[in-house]
Amino acid sequence: MYSLGDSGFLILAPGKVSFMSPAQTHAFNTPYQLSKLTERMKAQNRIFGNSAQISETPAQSDVTNHKLHHGELVIFATDGVLDNLSGMDILKIVQPIMEKRGYWSAASSANQGVESREAIVKADKRRDPKEEKNIANLPSELAYAIMRNAKIAGLDTRRDGPFAKEVHKYFPNEEYHGGKPDDIAVIVALAIQDGNPKAKL
């Protein structure tokens with residue numbers, strides 16, 4: 001998978017964050033920027049004395065390879081999410097939904113040492129039209145829940161999210177608290193093996 005800047009992705013399994021992409025930054029709060037500066041823009045920057053120009057290309061993305069197991073989730077999110085919710089925060093949002101909808105079991109989430117594929121419960125492979133509709137709606141339901149919680153956290157002036165903790169790390173004397181309102185975008189993908197969403201984790 002490719003990631004660039006402070007947008008990123010997570011891989012979630014029952015009860016654990018399997019992977020979270022690190023942010024690419026030039027310095028604190030100065031992320032890589034996917035952009036192409038025209039000659040006119042460069043000239044304008046020089047007029048205003050700005051010699052440092054941040055402009056990255058897709059070739060500068062971090063590239064990682066992952067083997068997904070049945071029922072694992074991949075969450076793609078912008079910094080409006082990741083500055084306000086940690087990986088564990090996001091897991092706590094999606095876990096109850098996955099359990100309620102019957103795709104993750106509470107037993108498998110409690111046993112984090114078991115590989116996801118070993119926690120699969122075999123189910124009837126006959127296609128259920130209602131089930132297919134439910135599975136089609138699941139990613140949008142999860143994305144909405146993450147987006148809603150990220151927005152609430154971003155507007156909360158008392159709860160220190162990941163961004164506030166980074167501020168305290170780099171600027172210990174800075175009195176910054178609460179969330180960080182920013183643009184929010186979320187995409188959720190669910191790994192399904194052999195086209196059988198009813199096989200549970």
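Some values worked out for this structure:
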{"item": "Accessible surface ranking that places the most exposed of Thr25, Thr78 first, with a 1.4 angstrom probe", "result": "Thr25, Thr78"}
{"item": "Ranked packing of 40-49, 6-15, most packed first, by mean Cβ within 10 Å", "result": "6-15, 40-49"}
{"item": "Burial ranking of peptide ranges 145-151, 56-62, 177-183 (average Cβ count within 10 Å, highest at the top)", "result": "145-151, 177-183, 56-62"}
{"item": "Theoretical FRET efficiency, 1/(1+(r/R0)^6), r = Cβ-Cβ of Asn65 and Leu34, R0 25 Å, to 0.05", "result": "0.75"}
{"item": "Pairs beyond 18 Å (Cα-Cα), from Lys16/Lys92; Lys42/Lys180; Lys16/Lys180; Lys92/Lys151", "result": "Lys42/Lys180; Lys16/Lys180"}
{"item": "Whether region 60-110 is rounded, prolate or oblate, judged on the alpha carbon gyration tensor where a/c under 1.5 counts as rounded", "result": "oblate"}
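The values are calculated or read from the model by the stated rules, or taken from the named source; none is laboratory data. Just so it is clear, the structure is predicted and the values come from calculations on it, not from any experiment. Reconstructed Cβ throughout: ideal geometry from the backbone, glycine too, with neighbour counts over all protein chains shown. Heavy atoms of the whole protein, side chains included, go into the accessibility calculation; ligands, DNA and RNA do not. Shrake-Rupley method; radii C 1.70, N 1.55, O 1.52, S 1.80 Å.
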